[in-house]
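Contents: one structure, followed by commentary.
All of the numbers you see were taken from the coordinates with simple rules; none came from a lab. Quick caveat, the model's predicted, so the values are computed rather than measured. Note that we place each Cβ from the backbone using ideal geometry, even for glycine, and neighbour counts take in every protein chain shown.
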Amino acid sequence: RPLHFVTLLGSLRHGSYNAAIARALPELAPAGVTLSPLGSVGDFPLYDADVQAEGFPAPVLAMADQIRAADGVIVVTPEYNYSIPGGLKNAIDWLSRVSPPPFAGKPLAIQTASPGALGGARAQYHLRQTCVFLDALVLNKPEVMVGQVASKVDAETLTLTDASTREFIAGQLKVFAEFARRAARPAA
Ligand code: FNR
């Protein structure tokens with residue numbers, strides 16, 4: 001069965017390394033897997049229950065629909081101050097209030113990248129904690145944490161060029177596709 005994954009990006013900046021990784025994913029995915037980017041978390045207002053009471057903003061509802069329709073979500077994000085960026089958390093907070101809950105039972109994989117050595121490892125564990133309440137099915141391993149990312153992305157074209165990183169990410173996508181297929185199988 002073919003699978004469709006959506007990617008959620010935690011960075012808003014044009015030259016984002018994480019965006020370069022997200023753009024590479026369709027080429028790195030195994031046969032039978034297609035990917036498309038979700039809208040920008042920058043299109044969401046700051047979460048406010050009073051705004052919610054007047055009706056969910058259209059970008060929130062649109063993204064919730066796209067997530068519900070997808071076979072899995074891949075979050076690609078930088079680490080900010082040892083956690084996930086506020087914009088990404090804000091988007092997750094909005095999406096967590098929508099009914100039916102888009103992340104519940106949804107396969108989810110995490111990829112982080114940083115110019116530093118740890119590749120955003122600490123943000124991954126904060127995101128995993130948030131995913132407990134969302135009831136997302138988070139892939140444990142392989143963990144994609146791309147350290148020293150500035151040396152792995154071509155500065156001119158903003159393309160992920162490092163061969164071993166590409167291979168490692170392709171490996172995660174293969175495992176994630178199997179994981180999503182298992183998750184979708186009805187219980188016997
Ligand atoms: C950072 N950066 C960073 N890096 C890291 O490895 N751990 C961290 O805790 C932080 N904290 C942090 C906070 C803030 C507010 C900023 C702006 C940056 C550096 C970050 O990894 C770097 O700017 C990346 O290039 C951001 O990802 P994109 O935008 O290139 O995808």
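For the pair segment 121-139 / segment 149-188, the C-alpha centres are spaced 18 Å from each other.
Amide H contacts for residue 113 (H built 1.01 Å from N in the peptide plane; partners 5 or more residues away or on another chain; cut-off under 5 Å): 77, 79, 146.
Listed highest first by mean packing, meaning other Cβ atoms within 10 Å per residue, what order do 87-94, 18-25, 152-159, 112-119 come in? Let's see the in-between values first.
Values: 87-94: 20.9, 18-25: 23.0, 152-159: 13.9, 112-119: 19.2.
So the order, starting with the most tightly packed, is 18-25, 87-94, 112-119, 152-159.
What does the charge count around residue 95 come to, taking other residues whose C-beta lies under 13 Å from its C-beta (Lys +1, Arg +1, Asp -1, Glu -1)? Present the calculation step by step, with values, prior to reporting the outcome.
Numbers: positive: 68, 89, 97, 106; negative: 43, 65, 93, 135.
Here the count lands on 0.
Contact order for the chain, expressed relative to its length and based on alpha carbon pairs under 8 Å spaced 6+ residues apart, stands at 25 percent. Which GluC sites (Glu not before Pro) in segment 1-99 pass both tests, a DSSP loop state and at most 14 other beta-carbon atoms within 10 Å? Listed in order of number, the matching sites are 54.
Calculated over the chain, the projected area of the Cα convex hull averaged across directions stands at 10.6 nm².
Find the Cα radius of gyration of segment 109-153, compare it with 2.2 N^0.38 Å by division, and give the number to two decimals.
Details: Rg = 11.5 Å, N = 45, 2.2 N^0.38 = 9.3 Å.
Segment 109-153 yields a ratio of 1.23.
Taking amide hydrogens as placed 1.01 Å from N in the peptide plane, the amide H of residue 106 sits under 5 Å from those of 137, each at least 5 positions away in sequence or on another chain. The phi torsions of segment 2-13, fed into the Karplus equation with coefficients 6.51, -1.76 and 1.60 and a -60° offset, translate into couplings of x, 10, 10, 10, 10, 10, 10, 9, x, 10, 9, 7 Hz, rounded to whole numbers, with Gly and Pro shown as x. The share of alpha-carbon pairs in segment 48-114 lying farther apart than 17 Å comes to 46%.
Note on residue 106: lysines with a C-alpha under 21 Å away, same-chain residues under 8 apart excluded, are 89, 141, 174.
Scanning residues 5 or more positions from residue 3 or on other chains, those with amide H under 5 Å from its amide H are 33, 34, with H placed 1.01 Å from N in the peptide plane.
Near residue 183, within a Cβ-to-Cβ distance under 11 Å, what is the net charge of the other residues, with Lys and Arg +1 and Asp and Glu -1? Working shown, then result.
Values: positive: 106, 181, 182, 185; negative: 71, 178.
Counting the neighbours of residue 183, the net charge comes to +2.
As a proxy for reagent exposure, 16, 96 were ordered by neighbouring Cβ count within 10 angstrom, fewest first; the result is 96, 16. Residue-wise HN-Hα couplings along segment 73-83, as the Karplus relation 6.51 cos²θ - 1.76 cosθ + 1.60 with θ = phi - 60° gives them from phi, are 10, 10, 8, 10, 8, x, 9, 10, 6, 6, 9 Hz; Gly and Pro carry x.
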